[in-house]
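Rule-based calculations on the coordinates, nothing more; no lab input. Treat the numbers as computed from the prediction; the structure is a model and nothing was measured. Quick reminder, even Gly has a Cβ in these numbers, built from the backbone with ideal geometry, and neighbours come from all protein chains shown.
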Amino acid sequence: MQIIGEVLSRPLRFEEISPEARRSQMLTWLPPTVVEGVPTYWARLVTEPEVVSPTVAEVTGAPARSFRDWVSDHTGDFC
């Protein structure tokens with residue numbers, strides 16, 4: 001969120017929604033079995049981030065871009 005705000009040169013805020021609202025929204029596009037496991041997975045990533053792999057470079061022949069670079073290339077999608 002911070003990186004998106006910095007790239008857009010404007011402050012952004014994060015509003016947490018209730019677990020019930022999150023579940024209801026996720027059920028519109030994910031099956032129930034996935035909806036139940038996703039929050040636990042996301043929470044774990046805060047303290048145990050995924051290992052960065054060389055797969056992007058191996059598949060595309062180019063190194064992966066940073067999130068900041070991706071946001072810069074997609075600023076129109078955030079407005």
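If only residues of the stretch 25-79 that are assigned to a helix (DSSP H, G or I) and among the small types (Gly, Ala, Ser) are counted, the one that is surrounded by the most Cβ atoms within 10 Å (Cβ to Cβ) is SER72. For the stretch 16-43, residues that are within 14 Å of the chain's Cα centre (by Cα) and of a type outside the set (A, V, I, L, M) total 3.
For the stretch 1-24, the candidate set comprises residues that are assigned to a loop (DSSP other than H, G, I, E, B) and of a type in the set (Asp, Glu); within that set, the residue that is surrounded by the most Cβ atoms within 10 Å (Cβ to Cβ) is GLU16.
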